[in-house]
């Protein structure tokens, strides 16, 4: 198989899929477009079902828009078959990581799970805080963390693919 024909499938997961994971999806799509990279499928979801079908939080949309990042998806809930559909499953915090580890029944599925900050230069190993009940400034911090995370993730994927 030729490596340039491979599609790398990346899924971001948070609790409800209206703040952190759609922002991560938007940040990574923006970076991929800026670099004119091909061969990526990027999506997001939540472990909970309470926001299914809703757009991202308006505060997150506005904060992302201010950086030229547009969040266009609708919330969806994590499905077990996502373990087979995605190469990387990046989660916002340890609670979500624990939940998905419980859903993952085989080592190959568990090996796809990472904290979103796993590939960060500055925020490595930290949880991405949920800004939902926080002041506006929390949304900027989340985007700062996700920009670092997604840059590192792209660098990692390109090193692995070479």
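Of all residues in the range 124-151, how many are without any contact (Cβ under 8 Å) to a residue 40 or more places away in the chain and either surrounded by fewer than 19 Cβ atoms within 10 Å (Cβ to Cβ) or under 20 Å from residue 17 (Cβ atoms) (or both)? Lay out the reasoning, then the answer.
Quick first cut of the range 124-151, residues without any contact (Cβ under 8 Å) to a residue 40 or more places away in the chain only: 124-127, 129, 133-135, 137-138, 141, 144-145, 148.
Within this subset, residues satisfying the condition of being either surrounded by fewer than 19 Cβ atoms within 10 Å (Cβ to Cβ) or under 20 Å from residue 17 (Cβ atoms) (or both) are 124-127, 129, 133-135, 137-138, 141, 144-145.
Residues meeting the conditions: 13.
Are there strands (runs of 3 or more DSSP E) fully within the range 22-115 with at least 3 residues that are farther than 21 Å from residue 144 by Cβ? List them. Steps first, please.
On the way: elements: 40-46, 88-91, 113-115.
Where strands (runs of 3 or more DSSP E) fall fully within the range 22-115 and carry at least 3 residues being farther than 21 Å from residue 144 by Cβ, they are 40-46.
State which residue is modelled with the lowest pLDDT when the search covers only the range 1-19 and only residues that are under 16 Å from residue 88 (Cα atoms) and either out of contact with any strand residue (DSSP E or B) (no Cβ under 8 Å at 6 or more places or on another chain) or not in a loop (DSSP other than H, G, I, E, B) (or both).
Among them, the one singled out is 6.
Give the number of residues within the range 29-61 that are farther than 28 Å from residue 158 by Cα and in contact (Cβ under 8 Å) with a residue 24 or more places away in the chain. If you could, list the steps in order and put the result at the bottom.
To start, the set of residues in the range 29-61 that are farther than 28 Å from residue 158 by Cα comprises 47-61.
Now drop any that are not in contact (Cβ under 8 Å) with a residue 24 or more places away in the chain, which leaves 47-52, 54-57, 59-60.
Adding up the residues that qualify gives 12.
Answer yes or no as to whether residue 71 is in contact with a strand residue (DSSP E or B) (Cβ under 6 Å, 6 or more places away or on another chain) and either in contact (Cβ under 8 Å) with a residue 40 or more places away in the chain or surrounded by 16 or more Cβ atoms within 10 Å (Cβ to Cβ) (or both).
no
The values are calculated or read from the model by the stated rules, or taken from the named source; none is laboratory data. Keep in mind it's a predicted model, so treat the numbers as computed, not measured. Here Cβ is always computed from backbone atoms with ideal geometry, including for glycine, and neighbour counts include all displayed protein chains.
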